[in-house]
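Read the figures in this text as sums done on the coordinates, not as results from a lab. Small disclaimer: the values here were computed from a predicted structure and weren't measured. With ideal geometry, Cβ positions are generated from the backbone for all residues, glycine too; neighbour counts draw on all protein chains shown.
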Amino acid sequence: MEVIMKKPSITHDELLAIITYDALTGQFNNKKQRSPRALAGESCGWINALGYRAMTINKEYHLAHRLAWFYMTGQWPDVEIDHLNGIRSDNRFGNLRPATREINMQNRRKARSDSASGVIGAH
C-alpha cells in the first residue's frame, strides 16, 4: 500500500520567517509570538500521543520531523521520514532520512499488539 503525503500550504520562506531550527539538536523555536501560547524565543510544539513532536503552524498540524526535512531541504518529502535511532522525538537532521513505508516499518522495536506469535515480521 502506497501512502500519499499531502503537501502542507506553508511555503519555505514563510516557515523560515516564523521559526528557527537547530539541525544539531533538532530544536524548533518561535522567532516571534504566533499565538498566546506560542511565545517568541520559546520551544515550538508538544509531544503527541505517539511520541512524535508536533506543532500547529497557520492552523495546520505538522509533525516536526517532516518540518525539519522541509526546513533544511526546501522540499516537502514525498515519502515518510524515518528516525534512524527509533526515537520519535529526536529530530536532529542527521537522525532523519527519507524512507518508504516498508523501510520505515523495519525499525519496529516490538511486535504489533495484535500479533499472535509476538515476533516482529512474522505472519
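Please give the per residue volume of the convex hull enclosing the alpha carbon atoms of segment 12-105, rounded to a whole number of Å³.
Measuring per residue, one finds 94 Å³ for the Cα hull of segment 12-105.
Given contacts defined as C-alpha pairs under 8 Å and at least six residues apart, what's the relative contact order of segment 12-105, whole-number percent?
This gives 24 percent for segment 12-105.
State the extension gain, in nm to one decimal, for the chain segment bounded by T56 and D90, taking 0.36 nm per residue of separation less the distance between their alpha-carbons. Don't skip to the answer; put the middle values down first.
Working: separation 34, 0.36 × 34 = 12.24 nm, distance 1.82 nm.
The span from T56 to D90 would gain 10.4 nm if fully extended.
Sequence-distant or interchain residues sharing an amide H contact under 5 Å with E80, placed H: which?
Under 5 Å from the amide H of E80 lie the amide H atoms of A99, R101, each far enough along the sequence or on another chain.
May I ask you to compute the full-extension gain from I10 to V79, defined as 0.36 nm times their residue separation minus their alpha-carbon distance, rounded to one decimal in nm? Present the calculation step by step, with values, prior to reporting the outcome.
Numbers: separation 69, 0.36 × 69 = 24.84 nm, distance 1.81 nm.
Result: 23.0 nm gained on full extension.
Identify, among G45, T25, G94, the residue whose Cα sits farthest towards the positive end of the charge dipole of segment 12-105, taking +1 on the Cβ of Lys and Arg and -1 on the Cβ of Asp and Glu, with the dipole about the Cα centre.
The Cα lying farthest towards the positive end belongs to G45.
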